[in-house]
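Below: one structure, written as structure tokens.
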Amino acid sequence: MRMLLLLCALLPALAAAQPYPAKPVRIVVPAQPGGGLDLIGRTIADQLGRALQQSFIVENSSGGGGAIASMTVARAAPDGYTLMVGYVATHATNPAVRKVPYDPVRDFTPVAMIGGTRNMLVVHPALPASDLRGLVEYAKNKSGKLTYGSGGIGTLNHLVMEQFRGAAGFEMVTVHFRGIGPAFQAMLGGQLEAMTPGLAAALPHIRSGKVKPIAVTGLARHPLLPEVPTFEESGFRDFDGVQWYGIVGPAKMNPEVVRTLSAEIDKALASPALQQRLANEAIDPMPMTPERFGAFIQAELARYRTLARERNLTLDD
């Protein structure tokens, strides 16, 4: 009996002494199955599972613009067994325009940046503008009668267009949809003149000729669309935002566990096979140390909070 009691007392210590991960790890994805977020979650789960010889299980948790998933992870034990695909909406754009029930910096541990996809400014093919200057001139002549679509208030595609409108000094009527898919349907139906979707979502429609690309975010032209100039080439600076994706965990994670996960993710991002898989979704790898990723999140949050104030986009006033 004494031996049994002694073994029971030692079990927690023995479990703690096992190398990480000693049991399955869940990766919470703040979206329904399918789409870019789910792809990132399942790709990283597969890579880490094979590298660390343990199950990494994807748990889809949509709702609240990512707030439900974010709260689940923020409240979890910081033992490395609950992770999350944190991205530009959960950790930058949504907190910039509305009150969220978590702190995107203090409540999380940055683990690894995965990558990002650029945003495109696309217009309806019937619009008589083939570049940014032409679009601005046409919009000013229409005196606020043109419409642009977004995937929802506070999404990156919403804020990119607001940034452009502020920089160029023209007005457009904003139409918000529940996701970028319905916004595209409206544009294809001739109900919208412009949008700034992510490149991955825009590519099929660009290639089919159903929308016309006139600018891309970033510091250089994208290899998939080398004929499309950047905003900066067209005279508009600081349009380098991307729809980025990374892995985060609860605050105060064990630094050794963070280093283990970060190192394995960086190894995966260096492999040509994973690079090609991401490239198929127009996602560029963006490896960073946990420290650099943390600084990146803070800079992104500050960038979009400033834009939200300048454009009066805060929803909680």
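The values are calculated or read from the model by the stated rules, or taken from the named source; none is laboratory data. Note that the coordinates shown come from a computational prediction; the quantities given were computed from them, not determined experimentally. As a convention, Cβ positions derive from the backbone with ideal geometry for all residues, glycine included, and neighbour counts pool all protein chains shown. Areas reflect the complete protein model, heavy atoms only, side chains present, ligands, DNA and RNA absent. Shrake-Rupley method; radii C 1.70, N 1.55, O 1.52, S 1.80 Å.
For this structure, a couple of remarks:
- Of the residues Thr230, Thr260, Thr289, Thr314, the single one that is at pLDDT 95 or above, touching a Lys or Arg at 6+ places or on another chain (Cβ under 9 Å) and of a type outside the set (Asp, Glu) is Thr230.
- Residue check, Ala167 hydrophobic (A, V, I, L, M, F, W, C), closer than 22 Å to Ser62 by Cα and in a helix (DSSP H, G or I): no
- Every condition in (1) surrounded by fewer than 17 Cβ atoms within 10 Å (Cβ to Cβ); (2) touching a strand residue (DSSP E or B) at 6+ places or on another chain (Cβ under 8 Å); (3) not in a helix (DSSP H, G or I) is met by Thr314 except one, and the failing one is (2).
- Of residues in segment 124-158 being among the β-branched types (Val, Ile, Thr) and more than 19 Å from Gly190 (Cβ to Cβ), the one least open to solvent (accessible area, probe 1.4 Å): Val136
- Annotation: of all residues in segment 271-286 being open to solvent by less than 70 Å² (accessible area, probe 1.4 Å) and either of a type in the set (A, V, I, L, M, F, W, C) or touching a residue at least 60 places away in the same chain (Cβ under 8 Å) (or both), the one that is farthest from Leu225 (Cα to Cα) is Leu274.
- For segment 167-190, the set of residues classified as β-branched (Val, Ile, Thr), surrounded by 14 or more Cβ atoms within 10 Å (Cβ to Cβ) and either within 16 Å of Lys145 (Cα to Cα) or over 22 Å from the mean Cα position of the chain (by Cα) (or both) consists of Thr174, Val175, listed by residue number.
- Any hit, segment 293-301, residues being at pLDDT 95 or above and either open to solvent by 70 Å² or more (accessible area, probe 1.4 Å) or in contact with a Ser or Thr (Cβ under 7 Å, 6 or more places away or on another chain) (or both): yes
- Of all residues in segment 244-264, those that are closer than 17 Å to Phe56 by Cα and open to solvent by 20 Å² or more (accessible area, probe 1.4 Å) have Cβ atoms under 6 Å from Cβ atoms of residues that are of a type in the set (A, V, I, L, M, F, W, C) and not in a strand (DSSP E or B), 6 or more apart or on another chain, in Glu264/Leu48; Glu264/Ala51.
- Selection within segment 59-70 - open to solvent by 30 Å² or more (accessible area, probe 1.4 Å) and among the hydrophobic types (A, V, I, L, M, F, W, C): Ile68
- Complete set of residues in segment 97-123 that are open to solvent by 10 Å² or more (accessible area, probe 1.4 Å), at pLDDT below 95 and farther than 20 Å from Arg305 by Cβ: Arg118
- Selection of segment 32-57 for residues being without any contact (Cβ under 8 Å) to a residue 40 or more places away in the chain, open to solvent by 30 Å² or more (accessible area, probe 1.4 Å) and within 12 Å of Val85 (Cβ to Cβ) yields Gly35, Arg42.
- For Ile44, the conditions (1) at pLDDT below 90; (2) in contact with a Phe, Trp or Tyr (Cβ under 8 Å, 6 or more places away or on another chain) are fulfilled apart from (1).
- Tallying residues that are surrounded by fewer than 23 Cβ atoms within 10 Å (Cβ to Cβ), farther than 21 Å from Gly115 by Cβ and either at pLDDT below 95 or of a type in the set (Val, Ile, Thr) (or both) within segment 211-223 yields 1.
- Of the criteria (1) without any contact (Cβ under 8 Å) to a residue 60 or more places away in the chain; (2) surrounded by 20 or more Cβ atoms within 10 Å (Cβ to Cβ), which one Pro226 fails: (2)
- Qualifying residue in segment 280-292 (condition: within 21 Å of Thr217 (Cβ to Cβ) and in a helix (DSSP H, G or I)): yes
- Selection of segment 71-96 for residues being under 27 Å from Glu256 (Cβ atoms), in contact with a strand residue (DSSP E or B) (Cβ under 7 Å, 6 or more places away or on another chain) and open to solvent by less than 10 Å² (accessible area, probe 1.4 Å) yields Val73, Gly80, Leu83, Met84, Val85, Gly86.
- Restricting attention to segment 191-208 and to residues that are assigned to a loop (DSSP other than H, G, I, E, B) and out of contact with any helix residue (DSSP H, G or I) (no Cβ under 6 Å at 6 or more places or on another chain), the residue that is least open to solvent (accessible area, probe 1.4 Å) turns out to be Glu193.
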